[in-house]
Amino acid sequence: MSIVTLIGTQIAAEGTEFVYQGESSACEGCPYRGQCLNLTEGRRYRVTGVRDGTQALDCAVHADASVRAVEVEPASVTANVASRGAYAGSRASLEGPCPHVDCPSHELCEPLGADFDEEYRIAEVHGDPPHEVCHLGRTLTTVTFEAPDGE
């Protein structure tokens with residue numbers, strides 16, 4: 001199910017993924033805020049279409065100072081989870097924060113668009129993560145979580 005919203009003109013392209021960060025203090029008093037602030041904070045979205053014939057609207061938040069109307073859907077998130085019980089259709093949660101920001105798996109252990117205190121259904125199992133060894137001693141598998149349904 002697509003949702004119509006406004007996003008920065010620079011990222012308003014089909015296939016672009018982003019994590020909705022919520023309201024900014026610069027949104028105060030904006031006449032378009034109801035059309036921009038209609039997504040779930042912290043959720044990853046994919047642009048499925050750019051509305052034809054719409055104009056760029058002024059925006060105090062985005063770097064390009066304008067927004068465009070797009071259609072978005074919740075997007076899946078690729079992450080590392082505990083290997084035990086990681087199979088397609090099962091539910092899993094992230095193992096927790098990791099201080100090793102230089103690790104090639106760091107972005108999978110702390111993926112944008114997924115929370116540590118949530119459980120997600122696994123859509124696909126990819127296998128071994130990109131790191132040689134987990135410095136926290138975790139046994140991990142890389143998976144893709146299903147995109148959440150609706151809002």
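Based on the convex hull around the alpha carbon atoms, the chain presents an average projected area of 10.0 nm². If you wrap the Cα atoms of segment 40-120 in a convex hull and average its projected area over all directions, you get 7.8 nm². For the set 135, 106, solvent exposure ranked by accessible area (probe 1.4 Å, protein chains only) runs largest to smallest as 135, 106. Here the chain has 45 percent of its accessible surface on carbon and sulfur atoms, given a 1.4 Å probe and all protein chains in place. Accessible area per residue for the chain is 58 Å², calculated with a 1.4 Å probe on protein heavy atoms, without ligands, DNA or RNA. In order along segment 142-147, the Karplus-derived 3J(HN,Hα) couplings, from 6.51 cos²θ - 1.76 cosθ + 1.60 at θ = phi - 60°, round to 8, 9, 10, 7, 4, 5 Hz, and Gly and Pro are given as x. Among the trypsin sites (Lys or Arg not before Pro) in segment 1-107, those placed in a DSSP loop whose Cβ has at most 16 other Cβ atoms within 10 Å are 51, 84. The GluC sites (Glu not before Pro) of segment 1-88 that meet both conditions, a loop assignment by DSSP and at most 15 other Cβ atoms within 10 Å of the site Cβ, are 14, 23, 28, 41. For residue 83, the amide hydrogen comes within under 5 Å of the amide hydrogens of 139, 140, 141, counting only partners 5 or more places away or on other chains and with H modelled in the peptide plane.
The values are calculated or read from the model by the stated rules, or taken from the named source; none is laboratory data. A quick note: this is a predicted structure, and the numbers were derived from the prediction, not measured. Every residue, glycine among them, receives a Cβ derived from its backbone with ideal geometry; neighbour counts consider all protein chains shown. Calculation scope for accessible area: heavy atoms of the full protein, side chains included, ligands and nucleic acids excluded. Shrake-Rupley method; radii C 1.70, N 1.55, O 1.52, S 1.80 Å.
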